[in-house]
2 protein chains.
Amino acid sequence: MQRLQKATQQNTRQHNRELVLKVIQANQHTSRAEIARFTQLTRTTVSEVVAGLMIEGLVEEIGPGSSQGGKPSIRLQMAADSRYLVGVNLSQEKFSGALVNLRGELKETVELPVIDTGSSQALSQLCQLIDRLLANTRRPVVGIGVGAPGLINTQEGVVVHAVNLDWRSFPLARLLKERYHLPVSIMNDSQATAIGEYVYGKHAVTGNLVVVNVNQGIGAGIIIQGRLFQGDGGYAGEIGHIGVPGNRRACRCGRTGCLETIAGVQAVLQSMQERSPGPPWSLDSLVECAAGADPIAQAVVAEAGQALGVALSHLAGALNIQSIILTGGLVRFGQPWLAAVQQGLHQSTLPRLAADTRISFGALDLRACILGASAHLLLENYGLLFLKPET
Amino acid sequence: MQRLQKATQQNTRQHNRELVLKVIQANQHTSRAEIARFTQLTRTTVSEVVAGLMIEGLVEEIGPGSSQGGKPSIRLQMAADSRYLVGVNLSQEKFSGALVNLRGELKETVELPVIDTGSSQALSQLCQLIDRLLANTRRPVVGIGVGAPGLINTQEGVVVHAVNLDWRSFPLARLLKERYHLPVSIMNDSQATAIGEYVYGKHAVTGNLVVVNVNQGIGAGIIIQGRLFQGDGGYAGEIGHIGVPGNRRACRCGRTGCLETIAGVQAVLQSMQERSPGPPWSLDSLVECAAGADPIAQAVVAEAGQALGVALSHLAGALNIQSIILTGGLVRFGQPWLAAVQQGLHQSTLPRLAADTRISFGALDLRACILGASAHLLLENYGLLFLKPET
């Protein structure tokens, strides 16, 4: 009972806090009295919660509203610029990061090339990036959110394995906390991207969403009922190593036929190289070639999209999640690639399951990961539930 | 704001109700004062909620507890037998149903053979079953919960397509409501089975669970954070038509290579018939033969299990849900089949994702579907959240 009691009190406080924040967020110029009426919480509880939020800098008073007879009440709003968040994206050849305000606006952006892929080099580059961001603000900083490629244990703050950074069982959160004395949240880059697109991408999505991030590796972020679903171990969305029927290519994981060996960025470059040998193909040159209606390039792109569609039929189909957003390097192939993904999906699932599925492109490119990593800090530190900003 | 206001009030009431029920459930002999202390709700709110629960028959007073100085407070408990639920399983050759109490105990069970598969025949058999169950109780009945095979739209109460019952766009919930004037909840049989196993199966699972029901068709029920996840259209868990690499068999859905053509009950019988022709194999004879160490039968079973494991690697692997429970006809092949499923799973996913996955058998056979369908009524009608009974 002790445990239940604690959990219940915790739940109640968290619940009240979320309720109050939601009302303030949904109605920027509300008052304590209105909040009490809307939430059915007592005036005292509302005042306490609001006081806490003001101390934390999440909410601010903006003077009295219009009087309806009695004393005019003081209006409240979210204090968007009272605190900043640091969001970082480690998934590309360059590291990028930004100072983000409480409404998801990027206030300052820094990019650094990755000089070396050694594990300590990568950490030192990351710290340099964060140092530069922090040097530029005198606002209180809520914390540091990092989106990194590979298998991440968010709960323990450990990068379990990130090939491109040469990190294995790397206690990144602890190291950053020790250095910056700030809350740190680390998560898989595709998961962070999913949060970013869900919260700030202005997609007509409520509740459930699958965001698939297609670079050299392929990962998904799964939003279920407005929250990131990470699974029991934190690895939900790891779809890069699903077996694709008919695919026999060797994968860096040691098996054959994995999705990323046919549908990822390296995979399409390799396919093109095999069919059209010569100087090495780059993503730039292949995009140009496909746009120029080269039949070989188009076939390579279609094959990659088709395989991805089959894999998505397993994930999104089995979950019956009807909104899918695609992000990452392959997005550059545009509509022909998207059409192939759709075709793969429709061919490999029951027509009724595929019928209402909408696949579209992400809206935020690399910023999605930065924004998602920062939004996750709001959830972890304020119980603030991925509030979509008013549009 | 109007909508938010309504939603917020609704949420608060629902939340308070769930809190109070949880406390009563977790501590059978609690009092109103204790509940107020634990939940931080006001005494008035607690008294109101408890009064409502008593009127509905969910909670009862059991006399004064021990005094701690002042007036002894009245103790409360869940009233397990104050109301019954009707749970029905339509997934087999026979229809089965039961009266279930609020703790998930089966009070009365009825089975009826299905005489014909015509759609009106099936309905009339179902009504006969429900009539017989209702004739046997003078307790108030909360409602009727039905688990049916096929694609079900739970929200609208429509059987979208159930092959074995010959129902298409069949408004089952409306028809039963009109006849019985009771709340009706219909859901996919695998989803109902998942709820049943999760709530009443005494598995060491909290939060996330995938239950895979393997009969002629193959379906899964996905429990996420203690709730059934149905997806946007209600079809979450439809994995029977996932394509299996290397499988070329024609499926009743019109495509080839679907999971159920290699891993379902008909599939193993067909495989055995092809390799060991003669009088038609039945599940009984094949189970016996496999248990007798017949190498052909064992190979057929292993092949089916292996294919299922691959499909599970897509679903459970991509969701990173580590608890998988298997139910349905193929469970009769026991450990050798389970080992093949495990092998398929491990071969087709990253070692780290498969490492912590536990696959086990269901504990409740056909009762799981009945119990799950009835438990869902508690959620829909009382906001009662799949409470696991105290053990």
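The values are calculated or read from the model by the stated rules, or taken from the named source; none is laboratory data. Predicted model only: the values in this text are computed from it and were never measured. Cβ coordinates were reconstructed from backbone atoms using ideal geometry, including for glycine residues, and neighbour counts include every protein chain displayed.
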Open item on the list: Just to be sure I understand, how many residues within the range A:144-157 are at pLDDT below 95 and assigned to a strand (DSSP E or B)?
Closed with: 4
TODO: Return the residue satisfying two criteria in turn: it lies in the range A:1-31 and is in a helix (DSSP H, G or I) and over 33 Å from the mean Cα position of the chain (by Cα), and of such residues it is modelled with the lowest pLDDT.
DONE: A:Gln2
TODO: Can you confirm whether the range B:204-222 contains a residue that is at pLDDT below 90, touching a strand residue (DSSP E or B) at 6+ places or on another chain (Cβ under 9 Å), assigned to a loop (DSSP other than H, G, I, E, B) and surrounded by 19 or more Cβ atoms within 10 Å (Cβ to Cβ)?
DONE: yes
- [ ] Could you please find all residues in the range B:168-181 being within 14 Å of B:Cys127 (Cβ to Cβ) and outside any helix (DSSP H, G or I)?
- [x] B:Phe170, B:His181
TODO: Identify the single condition in (1) under 21 Å from the mean Cα position of the chain (by Cα); (2) modelled with pLDDT of 85 or more; (3) crowded, with 23+ Cβ neighbours inside 10 Å; (4) within 11 Å of chain A (Cβ to nearest Cβ) that B:Ala318 does not satisfy, given that it satisfies every other one.
DONE: (1)
TODO: Given the conditions (1) surrounded by 17 or more Cβ atoms within 10 Å (Cβ to Cβ); (2) under 16 Å from A:Asn188 (Cα atoms), report the number of the one that A:Leu85 does not fulfil.
DONE: (2)
Open item on the list: Condition first: more than 29 Å from A:Phe95 (Cβ to Cβ) and buried (at least 17 other Cβ atoms within 10 Å of the Cβ). Can you find one or more residues in the range A:361-373 that meet it?
Closed with: no
Task: Condition met for A:Leu182 (farther than 21 Å from A:Leu151 by Cα and of a type in the set (A, V, I, L, M)) - done: yes
Task: Residue among B:Ala79, B:Ala51 that is of a type in the set (A, V, I, L, M), surrounded by fewer than 19 Cβ atoms within 10 Å (Cβ to Cβ) and over 24 Å from B:Gly328 (Cα atoms) - done: B:Ala51
- [ ] Please identify the pairs in which a residue from the range B:324-350 that is more than 26 Å from A:Ala311 (Cβ to Cβ) has its Cβ atom under 7 Å from the Cβ atom of a residue that is hydroxyl-bearing (Ser, Thr, Tyr) and buried (at least 18 other Cβ atoms within 10 Å of the Cβ), counting only partners at least 6 apart or on another chain.
- [x] B:Thr327/B:Thr193
TODO: Just give me the residues in the range A:24-44 being without any contact (Cβ under 8 Å) to a residue 60 or more places away in the chain, of a type in the set (S, T, N, Q) and more than 9 Å from chain B (Cβ to nearest Cβ), in sequence order.
DONE: A:Ser31, A:Thr44
Open item on the list: Tell me whether the range B:88-107 contains one or more residues that are over 30 Å from B:Val214 (Cα atoms) and free of Cβ contacts under 8 Å to residues at least 40 places away in the same chain.
Closed with: no
TODO: Any residue in the range A:128-147 that's without any contact (Cβ under 8 Å) to a residue 24 or more places away in the chain: show its pairings with residues that are surrounded by 16 or more Cβ atoms within 10 Å (Cβ to Cβ) and part of a strand (DSSP E or B) at Cβ separation under 6 Å, as long as the two are six or more apart or on different chains.
DONE: A:Arg132/A:Val110
TODO: Report whether or not B:Asp284 is surrounded by fewer than 23 Cβ atoms within 10 Å (Cβ to Cβ), more than 14 Å from chain A (Cβ to nearest Cβ) and over 29 Å from B:Gly237 (Cα atoms).
DONE: no
Open item on the list: For B:Val159, only one of the following conditions fails: (1) closer than 23 Å to B:Leu378 by Cβ; (2) more than 19 Å from the chain's Cα centre (by Cα). What is its number?
Closed with: (2)
Task: Candidate set: the range A:156-170, residues that are touching a strand residue (DSSP E or B) at 6+ places or on another chain (Cβ under 7 Å) and within 14 Å of another protein chain (Cβ to nearest Cβ); chosen: the one surrounded by the fewest Cβ atoms within 10 Å (Cβ to Cβ) - done: A:Ser169
Task: Filter result (within 11 Å of A:Val86 (Cα to Cα) and among the β-branched types (Val, Ile, Thr)) within the range A:129-158 - done: A:Ile130, A:Thr137, A:Val141, A:Val142, A:Ile144, A:Val146
- [ ] Could you name every one of the helices (runs of 4 or more DSSP H) located completely within the range A:242-340 that has at least 3 residues being touching a His at 6+ places or on another chain (Cβ under 8 Å)?
- [x] A:295-319
Open item on the list: Condition check: free of Cβ contacts under 8 Å to residues at least 24 places away in the same chain and not hydrophobic (A, V, I, L, M, F, W, C). Does A:Glu178 satisfy that?
Closed with: yes
TODO: Identify the residue in the range B:358-391 that is modelled with pLDDT of 90 or more and farther than 30 Å from B:Arg17 by Cβ and, among all such residues, is farthest from the chain's Cα centre (by Cα).
DONE: B:Arg358
Task: Any hit, the range A:262-272, residues being within 14 Å of chain B (Cβ to nearest Cβ) and surrounded by 14 or more Cβ atoms within 10 Å (Cβ to Cβ) - done: yes
Open item on the list: Can you go through A:Val211, A:Val146, A:Val160 and tell me which one is β-branched (Val, Ile, Thr) and over 28 Å from A:Ala318 (Cβ atoms)?
Closed with: A:Val146
Open item on the list: So in the range A:221-254, with the set limited to residues that are at the interface with chain B (Cβ under 7 Å from one of its Cβ atoms) and of a type in the set (A, V, I, L, M), which one is nearest to B:Val244 (Cα to Cα)?
Closed with: A:Ile242
